[in-house]
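The values are calculated or read from the model by the stated rules, or taken from the named source; none is laboratory data. Because the structure is a prediction, the values reported are computed rather than measured. Cβ placement follows ideal geometry from the backbone for every residue including glycine, while neighbour counts extend to all protein chains displayed.
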Amino acid sequence: MHHLRSYPLVSIGKALCLGKGANLTARFVNISGYRFVSIPDLVEMRWPLRDYCVDLGLKGTILLSKEGINYFLAGSQDSIDKFLAHMDEDERFRDIPLKISYSDHQPFKRMLVRLKKEIISMGNDEVKPEEFTGPSISPKEFKSWLDDGKEVIVLDTRNDYEIRMGKFQNAVDLDIQTFRQFPNAIKELPDEMKGIPVVMYCTGGVRCEKASVVMLDEGFESVFQLEGGVLGYFEECGGSHWEGECFVFDRRVGLGPDLEETDSILCYACREPLIREDQLSEDYVFEQSCPYCIT
């Protein structure tokens with residue numbers, strides 16, 4: 001049976017609530033959020049929304065699709081508050097759960113509002129999280145399962161380069177380069193896994209909305225999405241049971257369990273993320289190559 005879910009990670013009113021990792025001296029508030037909801041008027045929304053964000057001084061990306069909205073934005077506290085208040089005027093986007101972090105620099109280069117077929121590309125039109133998706137598990141409950149040694153399969157739905165930077169201990173790595181490969185990768189998992197509880201996770205939760213449907217359709221009996229993804233877990237539980245850092249899709253590259261920017265960078269040549277150890281490799285040449293270019 002499929003289950004609908006609705007939850008707030010962060011409660012917001014007139015102003016954005018400050019959570020773990022809040023830096024009151026930081027110049028920029030970074031937010032991300034998504035919702036699977038029908039948006040037939042996405043074309044009409046695009047440029048007014050983009051102009052509104054530009055007027056606020058925000059930078060980042062908003063993805064609009066007929067299946068929903070997904071955004072990653074950064075700006076001043078006042079600008080973020082005004083953006084959220086503006087979005088709350090449309091009931092479709094009211095109280096979207098947020099992931100929040102802080103930085104001393106603007107992690108985005110420009111302000112984009114893009115129209116997409118999917119807000120997270122899987123290539124399967126039959127998967128519609130607005131209509132049904134798998135049940136969720138809160139970060140604290142998931143941590144308690146791990147603390148107690150409960151029999152559970154921890155499944156990483158992210159791409160290989162993300163997993164290389166950090167993951168939950170003993171997590172299953174599907175060795176995929178794009179999310180579109182996820183459905184076929186699931187078919188290769190052994191049948192005996194289908195009767196064991198599975199907790200899947202991604203960066204912020206959006207991929208798991210679709211991934212859980214695929215797994216349920218493939219006969220996995222007990223599939224849970226980690227509520228809020230890795231960033232939601234960091235917010236509530238810190239780095240317990242986690243190894244490394246979390247890749248993020250902006251110029252910060254990586255965040256630690258404290259939600260602070262790490263020393264990781266992107267290779268100038270191949271755009272692979274490089275943790276500190278990679279940058280110490282003899283194969284790393286600034287703005288020329290890295291260990292992953294060489295291999």
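Checking every residue in region 236-248 against the condition of being among the hydrophobic types (A, V, I, L, M, F, W, C), in a loop (DSSP other than H, G, I, E, B), closer than 27 Å to TYR71 by Cβ and modelled with pLDDT of 95 or more gives at least one match.
I need the full set of residues from region 187-210 which are part of a helix (DSSP H, G or I) and either buried (at least 20 other Cβ atoms within 10 Å of the Cβ) or not assigned by TED's automatic domain parsing to the domain that holds VAL230 (or both), in order please. Steps first, please.
Let us first name the residues in region 187-210 that are part of a helix (DSSP H, G or I), namely 187, 191-195, 206-210.
Passing the criteria: VAL206, ARG207, CYS208, GLU209, LYS210.
Tell me, please, whether a residue that is at pLDDT below 95 and not aliphatic (A, V, I, L, M) can be found in region 27-46. Yes: region 27-46 contains one or more residues that are at pLDDT below 95 and not aliphatic (A, V, I, L, M).
Please work out if ASP217 is modelled with pLDDT of 95 or more, among the charged types (D, E, K, R) and over 17 Å from LYS99 (Cβ atoms). Yes; evaluated as a whole, the condition is true for this residue. Among residues of region 30-41 that are of a type in the set (D, E, K, R), those with a beta-carbon under 8 Å from a residue that is part of a strand (DSSP E or B) at least six positions away or on a different chain give the pairs ARG35/GLY68; ARG35/ILE69.
Looking only at residues in region 179-217 that are polar (S, T, N, Q) and without any contact (Cβ under 8 Å) to a residue 40 or more places away in the chain, which one is nearest to PHE234 (Cα to Cα)? Per the stated criteria, the residue is GLN181.
The rows are residues; the columns are (1) in a helix (DSSP H, G or I); (2) under 18 Å from the mean Cα position of the chain (by Cα); (3) not assigned by TED's automatic domain parsing to the domain that holds GLY205.
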| site | (1), (2), (3) |
| --- | --- |
| PRO40 | no, no, yes |
| ARG50 | yes, no, yes |
| ILE69 | no, yes, yes |
| ALA74 | no, yes, yes |
| PHE83 | yes, no, yes |
| ILE96 | no, yes, yes |
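Per this entry, VAL223 is not counted among residues that are surrounded by 21 or more Cβ atoms within 10 Å (Cβ to Cβ), free of Cβ contacts under 8 Å to residues at least 60 places away in the same chain and in contact with a strand residue (DSSP E or B) (Cβ under 7 Å, 6 or more places away or on another chain). Scanning region 138-150 finds one or more residues that are over 16 Å from the mean Cα position of the chain (by Cα), among the polar types (S, T, N, Q) and within 26 Å of LEU216 (Cβ to Cβ). So, in region 51-67, of the ones that are out of contact with any helix residue (DSSP H, G or I) (no Cβ under 7 Å at 6 or more places or on another chain) and hydrophobic (A, V, I, L, M, F, W, C), which residue ends up farthest from LEU115 (Cα to Cα)? Of everything passing the filter in region 51-67, VAL54 is farthest from LEU115 (Cα to Cα).
Quick check on GLN169: is it at negative phi and in the same structural domain as ALA74 (by TED's automatic domain parsing)?
Numbers: at negative phi: yes; in the same structural domain as ALA74 (by TED's automatic domain parsing): no.
Taking the combined requirement at face value, the residue does not satisfy it.
Is region 179-193 home to any residue that is touching a Gly at 6+ places or on another chain (Cβ under 9 Å), among the aromatic types (Phe, Trp, Tyr) and under 14 Å from VAL223 (Cβ atoms)? Taking every residue of region 179-193 in turn, none turns out to be touching a Gly at 6+ places or on another chain (Cβ under 9 Å), among the aromatic types (Phe, Trp, Tyr) and under 14 Å from VAL223 (Cβ atoms).
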